[in-house]
Structures are given as structure tokens and as C-alpha cells.
Amino acid sequence: MAVIEREMTIAEAADRVSSWLPGHRVEILRGSIIVTPPPDGPHQGTVFEAGYEFRRAGAKEAGLKVLPGVGLWLPTGRADYAIPDLSIVEADYADALVEKNCYAPHVFRMVLEVTSSNWTDDTANKVEIYAETGIPVYLVADRKHDEVLLYADPVDGKYPNPLRYKRGEFVPVPESVGVTLDLSVDTLLDGDD
């Protein structure tokens, strides 16, 4: 009797890798599986503090949800998806479920990534991917280079050059996000207030 095996899809491979590496973040970017180790304390502190600031600034009252680690379906490949560290989404985001717990990009107002050991994914690959996807605001807490980068308003699938913020400064969140807020660069880089 012959056994016929089929080749595993990239989505199935990502699911398998995820089951082998609990606590790791598994994403598919441009058809490649990207695996990120569990975040360190300051990384998670940044996500918590930024989320807290958005809530305090009235995100809920503005019809927004502040969600850490929610899936973003990407149009850059058949099975592509990302899991930003923090997302600001429209309150009815659940109606935009695509698959694999990932939501359509049109409900995302802003995403925040905090760099880890794979910092080039956040500072290069995701800049291009999020711009192509049409994410209005992309904020990167670049801990490797000790600065915060603000990308906004992509045109023809590309962000203009980022605004760069150094320690001691505050990042003004663009109005398009839906809340008025200035985020401390020190808090974004260090994860504490």
C-alpha cells in the first residue's frame, strides 16, 4: 500500500513551530516564518505603560480598543500575518476577523513594536510591510539605537521618512489615531514611568 504525503503549508508549519516553542511569537512575513523569543521585562513594561497611557487619554471614549499581541492579517502574502506588540484598533474590530485570530488591517489605527533581539524585523521589514498594508501610524521603540521612530501616513505603500525622538523628548501621537497624547521616549525605551 502506498502512502501519499502532502507538503505542509507555511501556515501549518507556523502552527507547528508555535506548538514546539511555547511563549515565542510566531509570525509569517512575506512568506517567511519569523520566531521571536519571549519578551523581557522592560519590553513588556513598555507595552503596559503605553497601553495605560492610551486608556488614560480616552481611547475607550473615542471608540478605540488598546490590545497587546493581537493578530494583524497582512495582504503581503497568502498566509502572512503579524502580531504587533501593541495595537490601537477600532472598537468594532471583532467584526473584521479574517482567520487564525487575525484581523483585517482597516481596523488598525496604530501599531507599536518594541525591539528585541530581532530588531531588524521591527526597523526594516515591518516598516515596509506595515506601509504596504496601509497602517496609518507605526511607532517603533528602538531599544538597540536608543530612539523612538514615528512613521505615519503611508503614500503609495511607503511611509515618509520617520520622525526620530531621543531621550528626554515626548512623541506626539498623530491625530489620526483618535486620541490626544504625548508619549515619553524614556518610558517607551525603558518600560517604566
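The values are calculated or read from the model by the stated rules, or taken from the named source; none is laboratory data. Worth saying up front: this structure is predicted, and the values here are computed from it rather than measured. Please note: Cβ atoms are built from the backbone with ideal geometry, for glycine as well, and neighbour counts cover all protein chains shown. We work out accessible area using only protein heavy atoms, side chains counted, and drop any ligands, DNA or RNA first. Shrake-Rupley method; radii C 1.70, N 1.55, O 1.52, S 1.80 Å.
On the beta carbon distance between Arg78 and Trp119, with R0 = 35 Å, the FRET formula returns roughly 0.85.
Regarding region 98-151, what's the average projected area of the Cα-atom convex hull, expressed in nm²?
Working: hull surface 15.8 nm².
Spelled out: convex hull of the Cα atoms, projected over all directions, averaged, 4.0 nm².
Legend: residues Ser176, Ser19, Ser87, Ser116, sorted from most to least accessible area (1.4 Å probe; ligands, DNA and RNA excluded), read Ser19, Ser176, Ser116, Ser87. A Gaussian network model of the chain, with springs between Cα atoms under 10 Å, assigns the largest mean-square fluctuation among Lys158, Lys65, Lys144 to Lys144. Cross-link partners for Lys100 among the lysines, with Cα-Cα distance under 24 Å and sequence neighbours closer than 8 places in the same chain left out: Lys65, Lys126. Around the Cα centre of the chain, unit charges on the Cβ atoms of Lys, Arg, Asp and Glu (plus for the first two, minus for the last two) sum to a dipole of about 220 debye. The value obtained for region 29-82, namely the Cα convex hull volume divided by the number of residues, is 87 Å³ per residue. Put a dot 7 Å past the Cα of Ala94, heading toward its Cβ, do the same for Lys166, and the two dots end up 4.6 nm apart.
On a per residue basis, the convex hull of the C-alpha atoms belonging to region 1-158 measures out at 125 Å³. Result for the chain in a Gaussian network model with C-alpha springs under 10 Å: among Val148, Val98, Val66, the largest mean-square fluctuation is at Val98.
Quick check: residue separation of His24 and Ala104 times 0.36 nm, minus the Cα distance between them. What number comes out in nm? Please report the intermediate quantities before stating the final value.
Details: separation 80, 0.36 × 80 = 28.80 nm, distance 2.27 nm.
Computed gain between His24 and Ala104 is 26.5 nm.
Highest mobility in the GNM of the chain, judged by mean-square fluctuation with C-alpha springs under 10 Å and restricted to Asp122, Asp146, Asp40, is found for Asp40.
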